[in-house]
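A.B. asks: Before we start, here is the structure in question, set down as structure tokens.
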Amino acid sequence: MPRAIQITAYGGPEQLKLVDMPVGEPGPGETRIRHHACGLNFIDVYQRTGLYNNPLPLTLGMEGAGVVEAVGEGVAHLRVGDRAAYASNPPGSYSEARVMPAQAVVKLPDSIAFDTAAGMMLKGLTAQYLLKKTLPVQGLQPGDFVLFHAAAGGVGLIACQWAKALGLQLIGTAGGPAKCQLALEHGAAHVIDYQRESFVDRVKAITQGQGVKVVYDSIGKDTFEGSLNCLRPFGLLACFGNASGPVPAFAPGILATKGSLYLTRQTLFTHIATREATQAMADELFAVVQSGAVKIRIDQRYALADVGQAHRDLEARKTTGSTVLTP
Ligand SMILES: NC(=O)c1ccc[n+]([C@@H]2O[C@H](COP(=O)([O-])OP(=O)(O)OC[C@H]3O[C@@H](n4cnc5c(N)ncnc54)[C@H](OP(=O)(O)O)[C@@H]3O)[C@@H](O)[C@H]2O)c1
């Protein structure tokens with residue numbers, strides 16, 4: 001019987017239990033994947049704690065790579081034996097095998113290893129839609145400054161490299177000198193240790209008082225106001241996560257007084273809502289990885305059964321780059 005990690009109640013990492021999980025045949029539009037590697041993402045923490053709600057019991061995990069074992073009626077783009085990868089709702093990748101909607105699953109090029117794929121699908125597609133589709137009204141041109149928080153994390157290190165390839169000057173924040181150094185080595189033009197210095201003051205200094213055109217903010221509560229203060233007039237705050245907790249309610253008037261700013265809260269799942277969009281975005285991600293412009297760093301590996309420790313390390317800010325779980 002395949003095994004999976006299940007929670008039956010929201011809470012801490014102790015809720016993550018290894019259980020036997022029967023896996024049936026795929027229905028119409030579905031596929032069954034045997035995982036070779038699964039990705040760890042911060043969204044898994046939000047789902048474990050209940051910040052993001054799902055019906056219980058729940059197998060977590062939004063990212064995986066493996067081999068197609070079966071396809072249901074109407075699935076034309078996958079065949080049994082294909083190497084495949086995905087970032088997708090519903091959760092369920094913390095498992096040896098699963099049945100899931102096939103529309104989210106793409107064939108994996110032979111040159112990309114399963115663990116690399118598991119470390120890049122959700123994070124890489126996110127970096128892509130942020131840097132290429134989540135843009136200020138004036139757009140982004142080579143040489144422009146953007147601010148990217150948690151630049152040494154999973155999404156962050158991919159974004160540093162991709163921004164450099166696009167000619168952008170990415171100012172990355174990270175907690176501590178080692179993480180700052182890592183972001184620099186991966187293409188950040190400037191780094192700020194936001195545990196030791198004011199990132200608002202540093203951004204002002206780096207941009208000679210101008211501010212940046214976009215802030216990509218996945219930290220949430222702790223950085224929200226400072227991020228607004230880093231923007232040029234008409235700049236865009238692109239919120240996409242809450243690692244420090246959700247942003248509390250605020251009055252929209254604050255956007256006027258700080259320079260007619262724009263605010264958006266993005267999620268990958270809107271961008272990959274159709275098979276065509278998913279395939280187009282994945283093709284672009286595969287191309288940038290195959291070209292060598294973006295390298296996927298897997299800095300932590302855990303057995304699937306040890307996922308509780310992986311969550312503890314992620315929440316304690318001990319990880320850098322991507323983390324892969326091996327079933
Ligand atoms: N909306 C979307 O489409 C989407 C998609 C993917 C990811 N995300 C979001 O993007 C962020 C990055 O995801 P990831 O999986 O790659 O994680 P990650 O960046 O590898 O890990 C999160 C990082 O956030 C920083 N952080 C700051 N305050 C924190 C706190 N109070 N607790 C924990 N960490 C804190 C830490 O880096 P420092 O020590 O350097 O501060 C930590 O390493 C997450 O917020 C995630 O939810 C959103």
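The values are calculated or read from the model by the stated rules, or taken from the named source; none is laboratory data. Treat the numbers as computed from the prediction; the structure is a model and nothing was measured. Because the Cβ atoms are built from the backbone with ideal geometry, glycine has one as well, and the counts that use them run over all protein chains shown. Only protein heavy atoms, including side chains, enter the accessible area calculation; ligands, DNA and RNA are left aside. Shrake-Rupley method; radii C 1.70, N 1.55, O 1.52, S 1.80 Å.
A.B. asks: I want to verify the translational diffusion coefficient of region 203-302 in µm²/s; compute it with Stokes-Einstein, Rh as the Kirkwood radius over Cα pairs, at 4 °C and 1.567 mPa s. Don't skip to the answer; put the middle values down first.
C.D. replies: Details: Rh = 16.0 Å.
Here the translational diffusion coefficient equals 81 µm²/s.
A.B. asks: For a test of the definition: using alpha carbon positions, the gyration tensor, and the 1.5 limit on a/c, classify region 150-246 as rounded, prolate or oblate.
C.D. replies: On the way: a/c = 1.30, a/b = 1.12, b/c = 1.16.
The shape class here is rounded.
A.B. asks: In terms of modelled amide H atoms, which long-range or inter-chain residues lie less than 5 Å from the amide H of Val146?
C.D. replies: Counting only residues 5 or more places away or on other chains, the set is Gln169, Leu170, Ile171.
A.B. asks: Considering only DSSP beta bridges where both residues belong to the chain, give the percentage that are antiparallel (nearest 5). Don't jump to the answer; show the numbers that get you there.
C.D. replies: On the way: 29 of 54 bridges.
Within the chain, antiparallel bridges account for around 55 percent of the total.
A.B. asks: Too long at a 23 Å Cα-Cα cut-off: which of Lys132/Lys318; Lys221/Lys295; Lys107/Lys179; Lys17/Lys123; Lys123/Lys295?
C.D. replies: Values: Lys132/Lys318 29 Å; Lys221/Lys295 30 Å; Lys107/Lys179 33 Å; Lys17/Lys123 25 Å; Lys123/Lys295 12 Å.
Violating the 23 Å Cα-Cα cut-off are Lys132/Lys318; Lys221/Lys295; Lys107/Lys179; Lys17/Lys123.
A.B. asks: Per-residue HN-Hα couplings for region 231-236, Karplus 6.51 cos²θ - 1.76 cosθ + 1.60 at θ = phi - 60°, whole Hz, x for Gly and Pro?
C.D. replies: In residue order, the calculated couplings are 8, 6, x, 6, x, 10 Hz.
A.B. asks: Right, next: Report the calculated FRET efficiency for Arg301 and Thr264 (r = Cβ-Cβ distance, R0 = 41 Å), to the nearest 0.05.
C.D. replies: Details: r = 34 Å, r/R0 = 0.83.
Rounded to the nearest 0.05, the efficiency is 0.75.
A.B. asks: Taking amide hydrogens as modeled 1.01 Å from N in the peptide plane, which residues meet the under 5 Å criterion relative to Leu263, leaving out close sequence neighbours?
C.D. replies: The answer is Leu237.
A.B. asks: Taking GluC sites (Glu not before Pro) as exposed when DSSP calls them loop (any state but H, G, I, E, B) and at most 13 other Cβ atoms lie within 10 Å, what is the longest stretch of the chain free of them, the sites themselves excluded?
C.D. replies: Working: sites that count: Glu73, Glu197.
Free of exposed loop sites, the longest segment is 198-327.
A.B. asks: Compute the separation of the alpha-carbon centres of region 276-302 and region 107-169 and state it in Å as a whole number.
C.D. replies: Answer, in whole Å: 9.
A.B. asks: Now for a different question. Go through region 89-105 residue by residue and turn each phi into a ³J(HN,Hα) via Karplus (6.51, -1.76, 1.60, θ = phi - 60°); whole Hz please, and just put x for glycine and proline.
C.D. replies: Couplings: 7, x, x, x, 7, 6, 7, 6, 8, 8, 9, 8, x, 6, 4, 8, 9 Hz.
A.B. asks: May I ask you to derive the FRET efficiency for Leu18 and Tyr52 from their Cβ-Cβ distance with R0 = 25 Å, giving the value to the nearest 0.05? Don't skip to the end; give the middle numbers.
C.D. replies: Working: r = 22 Å, r/R0 = 0.89.
Rounded to the nearest 0.05, the efficiency is 0.65.
A.B. asks: Per residue of region 55-71, in order, report the coupling 6.51 cos²θ - 1.76 cosθ + 1.60 (Karplus, θ = phi - 60°) as ³J(HN,Hα) in whole Hz, putting x for Gly and Pro.
C.D. replies: My calculation for region 55-71 gives x, 9, x, 9, 8, 7, x, 10, 8, x, 8, x, 10, 5, 9, 7, 10 Hz in order.
A.B. asks: When a/c is below 1.5 the answer is rounded, else prolate if a/b is larger than b/c, else oblate, so apply that to region 101-183 with a ≥ b ≥ c taken from the square roots of the Cα gyration tensor eigenvalues. Present the calculation step by step, with values, prior to reporting the outcome.
C.D. replies: Working: a/c = 2.29, a/b = 1.37, b/c = 1.67.
Oblate shape, in that a/c is at least 1.5 and b/c is the bigger or equal ratio.
A.B. asks: May I ask you to give the solvent-accessible area per residue for the chain, in square angstrom, as obtained with a 1.4 angstrom probe? Numbers along the way, then the final one.
C.D. replies: Numbers: 13080 Å² over 327 residues.
About 40 Å² of surface per residue is accessible.
A.B. asks: Moving on to the next point. Can you pull out the chymotrypsin sites (Phe, Trp or Tyr not before Pro) in region 164-248 whose DSSP state is coil and whose Cβ has at most 13 other Cβ atoms within 10 Å? Show your work: numbers first, answer last.
C.D. replies: On the way: sites: Tyr194, Phe199, Tyr216, Phe224, Phe234, Phe240; in loops: Tyr194, Phe240.
In loop regions of region 164-248 (DSSP not H, G, I, E or B), there are no sparsely surrounded chymotrypsin sites (Phe, Trp or Tyr not before Pro).
A.B. asks: Return the carbon/sulfur percentage of the accessible area of the chain, one whole number, probe 1.4 Å, all protein chains in place. Walk me through the intermediate numbers first.
C.D. replies: Numbers: 6930 of 13080 Å².
C and S fraction of accessible area: 53 percent.
A.B. asks: Express the relative contact order of the chain as a whole percentage, based on alpha carbon pairs under 8 Å and six or more residues apart in sequence. Intermediate results must be reported in sequence, preceding the final value.
C.D. replies: Values: 753 pairs, mean separation 57.6, N = 327.
It comes to 18 percent, rounded to a whole number.
A.B. asks: Just to be sure I follow: if Rg is taken over the C-alpha atoms of region 1-135 and Rh is the Kirkwood radius over the same atoms, what is Rg/Rh?
C.D. replies: 0.97
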